[in-house]
Each structure stands twice: as structure tokens, then as C-alpha cells.
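Peer 1: Got a structure here, written out as C-alpha cells. Questions coming.
The values are calculated or read from the model by the stated rules, or taken from the named source; none is laboratory data. These numbers were taken from a predicted model, which means no experiment stands behind them. Using ideal geometry, Cβ is built from the backbone for each residue, glycine included, and neighbour counts are taken over all protein chains shown. In case anyone asks, the SASA skips ligands and DNA or RNA and just uses the protein heavy atoms, side chains included. Shrake-Rupley method; radii C 1.70, N 1.55, O 1.52, S 1.80 Å.
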Amino acid sequence: MAYARVALIGLGLIASSISHGIRRAGLPTVVTGYARTEATREEARRLGLGEIHDTAAGAARDADLVILCVPVGAMAAVMAEIAPVLKPGATLSDVGSVKGSVIAAVGPLVPEGVHFVPGHPLAGTEHSGPSAGFAALYDNRWIILTPPAGSDPNAVAELEGFWNALGANVEVMDAEHHDLVLAVTSHVPHLIAYTMVGVADDLSRVTESEVIKYSAAGFRDFTRIAASDPTMWRDVFLNNKEATLDILGRFTEELFALQRAIRLGDGAHLHAYFTRTRAIRRGIIDAGQDTAAPDFGRGVSPVPAE
Ligand code: NAP
């Protein structure tokens, strides 16, 4: 059965896409929402995202499902604000890109009788704000739910059904495992993209416009990823510190091994390495998470960023 009332706390790309998705699915659901600035609330009203309130508590009151859609570092503060009005039996979820730290910060504030089922949609773009949202964002994407031990299975199943209605597939795992997997698949790749664009920016002072002019050669994909929201990504690294540092350490070791192979002219090492990595790309395409079509950064449809 669909939730009668869903509250979205934070009204950026992710929340806006949830609202559009609810409408597209034809769910009999009233959507309420809150953003901290009047400008974002106005934008959300203009887009018809739901009943927009001037306070988080106003939006969360009487909701059957409340989803925290603010940056990871802001979750605890908004939770403290809405905790007193949460309805007994309601489900509280979130969309934060890191799960361990959100559970540690938000979990203790969840009132008795409210089901806490943290989540993370592996879907997004490098764009932010309510106008960036669209209904198809979650189509065929994974939503990872990380319910703490002892969670009510019915509440988890109901939330799973909600995401399925928005076109997504759901997987349940523990928070620590989530944070490690995401460090590998998303967090460290973003850090590498940020670094590469930073290096090119330093270099562009030497090469003038060549970095932009010839950017099709792989660099353009890095710039798309490195255009992602600075607040969101600052919070990701501050909150997934251990797993990020672990994967970054492994990455650095591999990089040194490749650097050494280049210095020694060890073509066999390079060829074997690149053959192995090419097979991973094939696996992603076979799993339906990307297409094999050449893109060169010119695709018209938004490419999932996370
Ligand atoms: P967004 O488009 O930048 O929107 C963020 C929203 O949070 C805005 O409504 C903003 O309000 C509000 N906000 C920002 N800082 C706040 C603070 N200190 N206190 C209260 N509200 C605050 O962000 P998004 O891309 O939707 O991301 C939201 C969450 O989804 C983040 O936790 C992120 O980790 C997660 N996520 C993002 C992606 C992605 O690719 N973008 C993918 C998966 C998960 P104002 O506009 O009024 O400032």
C-alpha cells in the first residue's frame, strides 16, 4: 500500500526527482517539502513539487514517510528539528551518500515508535537544485537500504515497494559494507576526477587553451564528475573517512606499480592490466548500468553521476 503522505526535507536534485517520480507513478500520495532558503522553496512551488512549508517540522508533521534529502553533514540538525513532530508508526529514511555516519548522527534522535530505514539511491547527476530533478532518474538504478539490526521488516518492505514504484531496484546491506563499496565505486573515483581536473587547471596556465580544446580525450568525463556539488562532496569525504583512505591507499600502490612499469618499459604488465580493466567495463554494460554507445561527453540524457 502506498504512503498517504511523504515529506521531503531538502528540495534539491534528489528530492525533486522523488516528487516527479511519485507523480509519474500515479501514487495516491500527498507530497510535502521543505528547503532552508526561500529561493529554493519558491522554485519548488513553481515546479509543483508538492505542499511546500517554511519549516521542516511543518513539512514532516503527519507524514507516513519522511526522507531527509539534505547534505550528509546537515542531517542531524534537521532531524533534531523534526523529531518532536514525527508520527508514531511513520518511517524515517534519508538519501545520504554515506550511511555509517548518518546512522550514528541521526539514529539516537529517532523517537520511539518511528521506523528508521536509511537509504542511498545510486543515481544522480552533477547538477543541483529542484529544477535539476526529473522522474526517470531512478529508472533501473539501485537503491541501497541499510536498516539497523532489529528494524521492522514490514517497514523495510514498504519502503522497498515505494522505490520500486519509482522505477528502482532495491538491495539491503549493512552500513559498513555500503560505505566500503561506495568508496570504491563512487567516492574515490570522484576524488581522482577532482584531482585530475585540478592538475589540468594548473597545467592550463602553461598550455593555454589546449586543455579545453582537446578535452575529448578522456578529460571531458573527468570535468563532468568534478563539476559535482562541492558541499555534498566535502561532506562525503568528511563522513566516509576510513573507507576512502583505505581505498585511496590501495589506489596509490597500484598507481606506483603502473608508474614503475612505464619507467621500466614493462609493456607486458601494462597490457595485462588494461586487459583486466577492459573486462570490467563489459561487465557494467552487461549489467544494464550503461550503454556501449560511444558518447564522448555529448549525450543528451543525463548520465548517472553516483
Ligand atoms: P542539492 O540539489 O544540492 O540540494 C540540497 C538540499 O539541501 C537543498 O534543498 C538545500 O537547501 C538543502 N541544504 C543544503 N545545506 C543545508 C543545511 N546545512 N541545512 C539544511 N538544508 C540544507 O543536493 P542533492 O544532490 O539533492 O543531494 C541531497 C542528498 O542526496 C545528499 O545527502 C547527497 O549525499 C545525496 N545524494 C546525492 C546524489 C547526487 O548525485 N546528487 C546521489 C545520491 C545521493 P537550499 O537550496 O535552500 O540551500
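Peer 1: So if each residue of separation counts as 0.36 nm, and I subtract the Cα-Cα distance between Gln259 and Ser131, what length gain in nm does that give? Please list the in-between numbers first.
Peer 2: Values: separation 128, 0.36 × 128 = 46.08 nm, distance 4.34 nm.
So the extension gain works out to 41.7 nm.
Peer 1: Considering only Thr252, Ile285, Ser204, whose Cα is most displaced toward the positive end of the charge dipole of the range 177-291, charges sitting on Cβ of Lys, Arg (+1) and Asp, Glu (-1)?
Peer 2: Ile285
Peer 1: Say R0 is 22 Å: what FRET efficiency, to the nearest 0.05, do Ala293 and His271 get from their beta-carbon distance? Spell out each step's value before the answer.
Peer 2: Details: r = 26 Å, r/R0 = 1.19.
The pair Ala293/His271 has a calculated efficiency of 0.25.
Peer 1: If you don't mind, another one. What distance in nm separates the simple spin-label points at Ala2 and Asp54, each placed 7 Å from Cα in the Cβ direction?
Peer 2: Once both label points are built, they end up 3.1 nm from each other.
Peer 1: Highest mean first, what order results for 1-9, 91-99 on Cβ atoms within 10 Å? Walk me through the intermediate numbers first.
Peer 2: Values: 1-9: 21.9, 91-99: 26.2.
Result, highest mean first: 91-99, 1-9.
Peer 1: Let me ask something else about it. Work out, in µm²/s and without decimals, the Stokes-Einstein translational diffusion coefficient of the chain at 10 °C, 1.306 mPa s, Rh from Kirkwood over C-alpha pairs.
Peer 2: 76 µm²/s
Peer 1: Right, next: I need the Kirkwood Rh of the range 1-107: take the reciprocal of the average 1/r across all distinct C-alpha pairs and report it in angstrom. Intermediate results must be reported in sequence, preceding the final value.
Peer 2: Numbers: mean 1/r = 0.0734 Å⁻¹.
For the range 1-107, inverting the mean 1/r across all distinct Cα pairs yields 13.6 Å.
Peer 1: For the peptides 104-113, 52-61, what is the packing order when you average, over each peptide's residues, the other Cβ atoms within 10 Å and list the highest mean first? List each step's numbers first, then the result.
Peer 2: On the way: 104-113: 14.1, 52-61: 19.8.
Packing order, densest peptide first, comes out as 52-61, 104-113.
Peer 1: With every protein chain kept in the model, how would you rank Val184, Val85, Val117 by accessible area, 1.4 Å probe, largest at the top? Don't jump to the answer; show the numbers that get you there.
Peer 2: Values: Val184 80, Val85 30, Val117 0 Å².
Descending accessible area places them as Val184, Val85, Val117.
Peer 1: If you take the beta carbon distance between Asn140 and Ala227 as r and set R0 to 22 Å, what does 1/(1 + (r/R0)^6) give as a FRET efficiency, to the nearest 0.05?
Peer 2: Working: r = 24 Å, r/R0 = 1.08.
Once rounded, the FRET efficiency stands at 0.40.
Peer 1: While we're on this one: Computed FRET efficiency, Cβ-Cβ of Val181 and Arg282, R0 25 Å: what is it to the nearest 0.05?
Peer 2: Values: r = 20 Å, r/R0 = 0.80.
Once rounded, the FRET efficiency stands at 0.80.
Peer 1: Right, another one. Nothing charged except the Cβ atoms of Lys and Arg (+1) and of Asp and Glu (-1): what's the magnitude of the dipole of the chain about its Cα centre? Round to the nearest 20 debye. Please report the intermediate quantities before stating the final value.
Peer 2: Details: 25 positive and 35 negative charges, 137 e Å.
So the dipole magnitude of the chain works out to roughly 660 debye.
Peer 1: Could I ask something else about it? Note the full-extension length gain between Ala216 and Ala80 as 0.36 nm times their separation in residues minus their Cα-Cα distance, in nm to one decimal.
Peer 2: Details: separation 136, 0.36 × 136 = 48.96 nm, distance 4.65 nm.
Once the chain is fully extended between Ala216 and Ala80, it gains 44.3 nm.
Peer 1: Right, here's the next one. Taking H placed 1.01 Å from N in the peptide plane, check which residues at least 5 places from Glu51 or on another chain put their amide H under 5 Å from its amide H.
Peer 2: Val31, Thr32, Gly33
Peer 1: With no solvent and one equal point scatterer placed on each C-alpha of the range 177-291, evaluate the Debye formula and give log10 I(q)/I(0) for q = 0.13, 0.16, 0.24 Å⁻¹, two decimals.
Peer 2: -0.68, -1.04, -1.33
Peer 1: What residues qualify as long-range amide H neighbours of Asp62, i.e. H under 5 Å apart, gap of 5 or more or another chain, H built at 1.01 Å from N?
Peer 2: When sequence neighbours closer than 5 places are left aside, the close amide H contacts are Lys87.
Peer 1: Right, another one. Subtracting the Cα-Cα distance from 0.36 nm times the residue separation, let me have the gained length for Lys87 to Ser209 in nm, one decimal.
Peer 2: On the way: separation 122, 0.36 × 122 = 43.92 nm, distance 5.72 nm.
Full-extension gain reported as 38.2 nm.
Peer 1: Ignoring ligands and nucleic acids, what accessible area does Lys213 show with a 1.4 Å probe (Å², nearest 10)?
Peer 2: Here the residue's solvent-accessible area equals roughly 140 Å².
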